[in-house]
Amino acid sequence: MLYGRAEHCAILPTMKLKEILECVDGKLIWGESHLEDEVKRGFASDLMSDVLTILEDDIILITGLSNNQSIRTAEMSDISNILLVRNKRPSQSMIDMAKELDISLSYTPYSLFKASGLLFAKGLKPVY
Amino acid sequence: MHEEFTIPSKDFSVAGEASSKIKRILKQLNIPPLRIKQIIVAVFEAEVNVIAHSYGGKVLCDIEEDRVQIDVIDTGPGIENLDLAMTEGWSTATNEVREMGYGAGMGLPNIKKSCDELKIYTKKGDHTHITMRFAL
């Protein structure tokens, strides 16, 4: 049997941030204006140098790194949406920085693996 | 246009501030977004390296009509083995640095990929001086 490439299995070409949050039972902490953002790809990592290799646009960063560095890295890589996993709540300074840089911040109770798996199954494309 | 930024040692609370300011300048100059991203990724990696590995240093940014040159100069202690440091995944970062999300051993390789011309002077016991050039 010939199996299609992952690209052919995609259900949705892009996902809105609000659809992503529904998919992972996520909650938005800041960035209501981003709920309609069309997210093209997801990237999951706690290693910020990995994130800095991404040159594509319209990415959501899924990470367990709940500190200012994830916001800074998103800024450098033009990433507008960050999803924190395992119920990690950002500090006030993270929220302030996200507001200043206009980056949405959300969190999900699920692990990095589960959140990424659910979104992948829903059709969100990977970067690599 | 010439700008200079002082980078402290070990203070991650300010990591990215210089890169962020340079990014704002490049945006104002209407440089294409993908080019800005490539430049800023390299500058940010170098800035984080100064904070994580050195005794502190400076980032110098020179913008001309057809190119951007960034010099990152620290005050030591120098890189013992530059070939290893240029290898993807090789890192001397401390646990503290890794907890910040850095130290993946991708800094210098990412810098090399992002810039058009890269020169590195370093010597153990001396300082490190990285010159990055980007065509516009």
Q: Could you list, in sequence order, all residues of the stretch A:100-128 that are exposed (fewer than 14 other Cβ atoms within 10 Å of the Cβ) and of a type in the set (D, E, K, R)?
A: A:100, A:102
Q: Please specify each residue of the stretch B:11-26 satisfying the condition of being touching a helix residue (DSSP H, G or I) at 6+ places or on another chain (Cβ under 7 Å), assigned to a helix (DSSP H, G or I), closer than 19 Å to residue A:97 by Cβ and more than 8 Å from chain A (Cβ to nearest Cβ).
A: B:18, B:22
**Q.** Cross-chain or 6+ apart pairs with Cβ under 7 Å, the stretch B:97-118 first and in contact (Cβ under 8 Å) with a residue 12 or more places away in the chain and facing chain A (nearest Cβ under 8 Å), then buried (at least 22 other Cβ atoms within 10 Å of the Cβ) and in a loop (DSSP other than H, G, I, E, B)
**A.** B:110/A:52
Q | Residues (within 12 Å of the chain's Cα centre (by Cα) and loosely packed, with under 13 Cβ neighbours inside 10 Å) located in the stretch B:1-16 | A | none
Q | Matching strands (runs of 3 or more DSSP E) fully within the stretch A:8-67 where at least 2 residues are within 14 Å of the chain's Cα centre (by Cα), within 14 Å of chain B (Cβ to nearest Cβ) and not basic (Lys, Arg) | A | A:41-44, A:59-63
(Q) Just checking: which of the helices (runs of 4 or more DSSP H) contained wholly in the stretch B:27-136 hold 2 or more residues that are crowded, with 16+ Cβ neighbours inside 10 Å, at pLDDT 95 or above and not β-branched (Val, Ile, Thr)? (A) B:33-53
Q) What number goes with the only condition from (1) among the β-branched types (Val, Ile, Thr); (2) touching a residue at least 24 places away in the same chain (Cβ under 8 Å); (3) under 24 Å from residue A:55 (Cα atoms) that residue B:92 does not pass? A) (3)
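The values are calculated or read from the model by the stated rules, or taken from the named source; none is laboratory data. Computed from a prediction, not measured in an experiment: that's the story for all the values here. In this analysis, Cβ positions are derived from the backbone assuming ideal geometry, glycine residues included, and neighbour counts consider all displayed protein chains.
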